[in-house]
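Every number here is computed from the coordinates shown, using simple stated rules; none is lab data. As the structure is a computational prediction, the values presented were derived from the model and not from experiment. Glycine gets a Cβ as well: all are built from the backbone with ideal geometry, and neighbour counts include every protein chain shown.
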Amino acid sequence: MITEDKMDKRIPVRTCIGCNNEFPKKDLFRFVRKTDEAGMTDSIIIDTSGALHGRGCYLCRNMDCLEKALKKRSFERTFKDPVPERIKEDIREEFKRLTQE
Ligand SMILES: [Zn+2]
């Protein structure tokens, strides 16, 4: 758990693609799409380092928002590409792993 150092009104906020509310960027998971050579979605990974390049989107660290985002096809909208079921399963697995820590 990271402790709050000090409140800063200028802290960057991002919108969760599940619940559409704004939260401090650091409280959200960032998702980044990896593409293959043909530019198709190869995988969608959770950028825990915050250093990955590419188009990204943000999500609250709870399963409800992930399920909402999957149901609403928010990933498809963000990446403007279909997201295969196996990638969605990968996202779920990774999300579970990270939120159980
Ligand atoms: Zn949310």
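Only one of (1) in contact with a Lys or Arg (Cβ under 9 Å, 6 or more places away or on another chain); (2) over 19 Å from GLU101 (Cα atoms); (3) not aromatic (Phe, Trp, Tyr) fails for ARG86. Which number is that? Going through the list (1) in contact with a Lys or Arg (Cβ under 9 Å, 6 or more places away or on another chain); (2) over 19 Å from GLU101 (Cα atoms); (3) not aromatic (Phe, Trp, Tyr), ARG86 breaks only (1). Could you tell me whether region 32-55 includes any residue that is touching a residue at least 12 places away in the same chain (Cβ under 8 Å), within 16 Å of the ligand (Cβ to nearest atom) and not aliphatic (A, V, I, L, M)? Looking through region 32-55, none of the residues is touching a residue at least 12 places away in the same chain (Cβ under 8 Å), within 16 Å of the ligand (Cβ to nearest atom) and not aliphatic (A, V, I, L, M). Only one of the listed residues (LEU28, LEU66, LEU59) is without any contact (Cβ under 8 Å) to a residue 40 or more places away in the chain and within 14 Å of the ligand (Cβ to nearest atom). That residue is LEU28.
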